[in-house]
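One structure is given here, and the rest of the page talks about it.
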Amino acid sequence: MRYLFENCALDTDRRELRRGPALVAIEPQVFDLLVHLIRHRDRVVSKDELLASIWHGRIVSESALFNRINAARSAIGDTGGEQRLLKTLPRKGVRFIGEVHENGRQPPDVADQEERVQLPLPDRPSIAVLPFANMSGDPDQEYFVDGISEDLITGLSRIRWLFVIARNSSFVYKYRTVDVKQVSRELGVRYVLEGSVRRARNQLRISAQLIDASSGGHHWAERYDRELGDIFAVQDEITRNVAGAIEPHLLAAEGVRAFSRSAENLGAWELVARAQVHFWRMTGQDYEAAIKTLGQAVAAFPDYAPALSLLGFCLVFAAHMGWADRDDALPRGREHATRAISLDDRDPWGHIALGYCAMMERRTLDAIAAFRRAVDLNPNSAAAHSHLSRGYAFAGQDREAIEHGQVAIRLSPLDPEMALFLGAIAVAHYAAGRFADAAEYTTQALRLRPGFQGAQRLRCASLAQAGQVDEARSFLAQVRRDQIRLSIEWIKANVPYQTPKLLEQYLDGMRKAGLDED
């Protein structure tokens with residue numbers, strides 16, 4: 001049976017609800033509730049009848065029934081408090097009062113819309129942020145729900161490599177509940193971010209999920225429970241956390257996509273996405289592969305800022321780790337980063353690369369200023385906060401370093417760069433003389449990325465300074481098998497503690513661990 005009303009079509013055989021051309025995602029109980037109310041639209045349906053029909057006599061709270069009715073209203077577009085389709089009669093029940101046609105043909109305009117030409121995808125990742133669903137049914141909460149969507153669009157727009165559909169696009173109010181593949185076809189986007197907001201007394205539950213619009217696969221999902229206090233503070237916190245967590249998951253998805261294609265057929269962004277996968281693994285071999293891939297991107301697309309900025313960073317970081325020669329890597333890294341900023345001075349990664357180069361050259365103020373610029377450009381970037389944390393840590397400003405490191409972790413708790421976040425905090429603890437804490441953080445970082453050579457070296461020094469000299473010496477013996485050039489002189493040239501006192505404290509730990517001068 002098909003029931004047609006307003007712009008909706010309810011198909012009981014397929015168990016589908018459509019609004020216009022869009023397939024509406026709807027929970028089974030909500031679907032059954034709608035079907036029951038439409039079939040019995042000639043009368044008021046009591047609460048007891050709904051409980052018997054939908055819940056088969058199970059005991060449920062009135063709030064559960066209320067939530068399902070509101071979800072049904074949201075699904076069919078009966079929002080705003082008008083009750084033009086589902087009317088609640090106090091102490092009596094609910095009645096469907098809309099005009100219904102049974103077994104009707106699909107309206108021609110709907111069929112025409114379904115045949116729309118699919119928009120092409122842009123040459124970089126693209127995303128549509130759908131209006132979050134108000135699952136509480138409270139019209140007064142709509143401004144909060146819409147505010148989350150607006151702020152997420154603003155936050156994601158700070159990611160320079162991401163194409164974000166604007167708020168005033170046609171989908172914004174049309175697709176409150178959608179078939180994500182329909183969004184992909186009509187708007188030409190690869191990803192969809194959708195979510196919902198529920199309220200119970202003074203508690204808010206905000207759910208969000210990132211979906212691949214072409215396949216329907218889920219890349220990320222999270223739920224946030226908050227007390228309802230300063231509504232704008234809660235809104236800011238949630239949107240910041242969601243925007244911060246999404247960037248690395250989008251990058252990971254793009255990296256997988258790039259590796260599924262032949263290297264000869266990759267465009268500028270796809271080469272960058274492929275290099276990101278090597279970048280996260282943090283081994284010398286992977287950085288060699290990342291630098292090679294980014295070099296190909298820069299050679300083929302010399303004005304593509306994301307490739308230049310990431311190549312600049314990889315070269316400088318490789319010098320710090322010992323995977324590249326400092327005298328060759330630092331000038332090249334600075335050149336690429338400077339070129340990236342000249343092409344796009346709002347790209348945080350260009351400033352991160354330039355800041356790391358300044359840090360390696362012990363130009364402390366320039367380094368911290370560049371890292372701060374990256375954070376200002378994208379306050380939701382966990383990577384930007386992490387590198388500002390690192391700049392502060394090597395300068396001995398442990399309180400600021402730990403603060404920004406913790407921000408990075410809160411923004412993206414499952415980030416593939418988590419070892420870098422932990423490593424910066426470890427440097428801060430070591431600089432402050434908390435050697436046992438530094439050892440613990442380096443141990444955590446190495447569990448995630450065993451090839452992280454900066455953390456390997458710091459763990460040796462931290463264990464030795466904490467009195468665990470035998471363990472430090474044993475671990476250093478393992479480290480030197482991969483870092484054959486490691487010596488006191490090499491550390492003086494390549495480990496960027498910003499003052500002689502901080503560097504000497506580090507060297508003291510390495511000497512206690514058994515490192516010699518040559």
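Just one of (1) of a type in the set (A, V, I, L, M, F, W, C); (2) assigned by TED's automatic domain parsing to the domain that holds residue 268; (3) within 14 Å of residue 495 (Cα to Cα); (4) assigned to a helix (DSSP H, G or I) fails for residue 323. It is (4). Filtered by the rule that a residue be closer than 30 Å to residue 192 by Cα and modelled with pLDDT under 80, region 15-60 gives 20, 21, 22.
Taking into account only those residues within region 395-405 that are over 17 Å from residue 448 (Cβ atoms) and not hydrophobic (A, V, I, L, M, F, W, C), which is farthest from the chain's Cα centre (by Cα)? Restricting to residues being over 17 Å from residue 448 (Cβ atoms) and not hydrophobic (A, V, I, L, M, F, W, C), the top hit is 396.
Checked across region 284-292, the condition of being modelled with pLDDT of 90 or more and touching a Leu at 6+ places or on another chain (Cβ under 6 Å) holds for no residue. Criterion applied to 493, 477 was being out of contact with any helix residue (DSSP H, G or I) (no Cβ under 7 Å at 6 or more places or on another chain), farther than 30 Å from residue 247 by Cα and of a type in the set (A, V, I, L, M, F, W, C), and the one residue passing it is 477. Inside region 408-430, residues that are farther than 18 Å from residue 452 by Cβ and either modelled with pLDDT of 95 or more or among the basic types (Lys, Arg) (or both) make up a count of 1. Checking each residue in region 183-235 for being hydrophobic (A, V, I, L, M, F, W, C), under 14 Å from residue 145 (Cβ atoms) and over 20 Å from the mean Cα position of the chain (by Cα) picks out 204, 228, 231, 232. When region 190-214 is limited to residues that are of a type in the set (Gly, Ala, Ser) and not in a strand (DSSP E or B), the one that is surrounded by the fewest Cβ atoms within 10 Å (Cβ to Cβ) turns out to be 214. Of the residues screened, residue 475 is not one that is under 27 Å from residue 363 (Cα atoms) and crowded, with 18+ Cβ neighbours inside 10 Å. For region 340-359, the count of residues that are without any contact (Cβ under 8 Å) to a residue 40 or more places away in the chain, among the charged types (D, E, K, R) and assigned to a helix (DSSP H, G or I) is zero.
Can you pull out the residues in region 292-329 that are surrounded by fewer than 20 Cβ atoms within 10 Å (Cβ to Cβ) and hydrophobic (A, V, I, L, M, F, W, C)? If the condition is that a residue be surrounded by fewer than 20 Cβ atoms within 10 Å (Cβ to Cβ) and hydrophobic (A, V, I, L, M, F, W, C), then 299, 300, 301 are the ones that fit.
Beta carbons closer than 8 Å, at least 6 apart along the sequence or on distinct chains, pair a first residue in region 482-497 that is of a type in the set (Ser, Thr, Tyr) with a second that is exposed (fewer than 15 other Cβ atoms within 10 Å of the Cβ) and at pLDDT below 95 for 487/516; 487/517; 487/518. Of everything listed in (1) free of Cβ contacts under 8 Å to residues at least 40 places away in the same chain; (2) out of contact with any helix residue (DSSP H, G or I) (no Cβ under 7 Å at 6 or more places or on another chain), the single unmet condition for residue 226 is (2).
Residues that are among the acidic types (Asp, Glu), out of contact with any strand residue (DSSP E or B) (no Cβ under 9 Å at 6 or more places or on another chain), more than 27 Å from residue 224 (Cβ to Cβ) and surrounded by fewer than 24 Cβ atoms within 10 Å (Cβ to Cβ) are absent from region 401-422.
The values are calculated or read from the model by the stated rules, or taken from the named source; none is laboratory data. Keep in mind that what you see is a predicted model, and the values were worked out from it rather than measured. Don't worry about glycine lacking a Cβ; one is built from the backbone with ideal geometry, like all the others, and counts go over all protein chains shown.
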